[in-house]
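The values are calculated or read from the model by the stated rules, or taken from the named source; none is laboratory data. Quantities reported herein were computed from a predicted structural model and do not represent experimental measurements. When we count neighbours, we look across all protein chains shown, and the Cβ atoms used for this are built from the backbone with ideal geometry, even at glycine.
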Amino acid sequence: MASDVTRFNIQTIDGVTIAKFIDNRILDEATIQVIGEQMYRLVDDHGFRKVLLDFEAVEHLSSAALGKLINMKKKMDAAGGQLGMCSLRPELLKIFKVTKLTKVFEISASVEKALKGF
Amino acid sequence: MDWNDHCPFSLLTDFQSSLTRLIYRVLAPVNANMSELIIYNQTFASDLHVSADVQKEIQELWQARGMSDMDLPDLQLALEEGLANAIKHGNKMDPEKKVTVECFLNEDIVRVVIQDEGPGFNVNEVPDPTLPENLDKPSGRGVMLMKAFMDDVLYNEVGNQLTFIKRCTFNS
């Protein structure tokens, strides 16, 4: 399933697609472009409507990556689905707080806690 | 647990940042030539792949000097944001236009200067990305992130030269 989204580990629990980032650096433009396109496929091509993005492996994230996440959220909203995020390290969480994107995204401490919100 | 309950910056961190700004702006210009070392200087075409290589080289230099794991991610982020802005917004991805990056070290203070060949911009006119009407816009957060993670972020009058400064801990 979803063999064209190689930058994520995909699993499904209770009807929620958990997409776990493999990369620990989502900083440079080339990486962000590939990850963004693969992330959009989850909604556009695979039709997943409940997606949880797991950031456990991610150490670095740039503003360009935030842009892809915002577009992903818009896609999911337009499709009538739900997007969650979980397992952000403190330094990543700081990026979301500074930019006030904690108001835009549903962010949970762990996969287990996030699943309760779906 | 509500993540918003936590203040992103401690008062101590704010105080340290203010102190670094003060030291740099008041004292550093006086003895800049005496103790500030230039550890990297590179001019390259506006290409994001080349930029990735440059960032790797600079990161390795910082690591070789023992920069702490606390400071390195913040500087990597600022470097990525500064170079991406110079290439994308400053030089508009024009490969004929060059970006120059210089890294300096003055004891524990890291200073990075990034110059592009674009017309410049007024940093005060960048829309606030945290306003409700801008929250869902996919761009415009680079400068804000640099300001959040560095002790000081400055632009020249034209707006095509960025300087960011951070006091760091070095292990060796």
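Descriptive notes on the structure:
- Taken over region B:136-161, the criterion of being of a type in the set (D, E, K, R) and more than 9 Å from chain A (Cβ to nearest Cβ) is satisfied by B:ASP151, B:ASP152, B:GLU157.
- Qualifying residue in region B:103-122 (condition: at positive phi, touching a helix residue (DSSP H, G or I) at 6+ places or on another chain (Cβ under 7 Å) and among the acidic types (Asp, Glu)): yes
- The strands (runs of 3 or more DSSP E) found wholly in region B:14-120 and carrying at least 3 residues that are modelled with pLDDT of 95 or more and farther than 23 Å from B:GLU157 by Cα occupy B:37-45.
- Qualifying residues in region B:64-83 (those that are among the small types (Gly, Ala, Ser) and surrounded by fewer than 23 Cβ atoms within 10 Å (Cβ to Cβ)) - the one nearest to B:TYR40 (Cα to Cα): B:ALA64
- Screening the candidates B:PHE104, B:PHE164, B:PHE170 for the property of being under 18 Å from B:GLY90 (Cα atoms), of a type in the set (A, V, I, L, M, F, W, C) and away from every other protein chain (no Cβ under 14 Å) yields one hit, B:PHE164.
- Within region A:103-118, no residue satisfies the criterion of being crowded, with 17+ Cβ neighbours inside 10 Å, part of a helix (DSSP H, G or I) and either among the hydroxyl-bearing types (Ser, Thr, Tyr) or facing chain B (nearest Cβ under 10 Å) (or both).
- Being more than 10 Å from every other protein chain (Cβ to nearest Cβ) and either touching a Gly at 6+ places or on another chain (Cβ under 6 Å) or crowded, with 21+ Cβ neighbours inside 10 Å (or both) holds for only one residue in A:SER63, A:SER87, and it is A:SER87.
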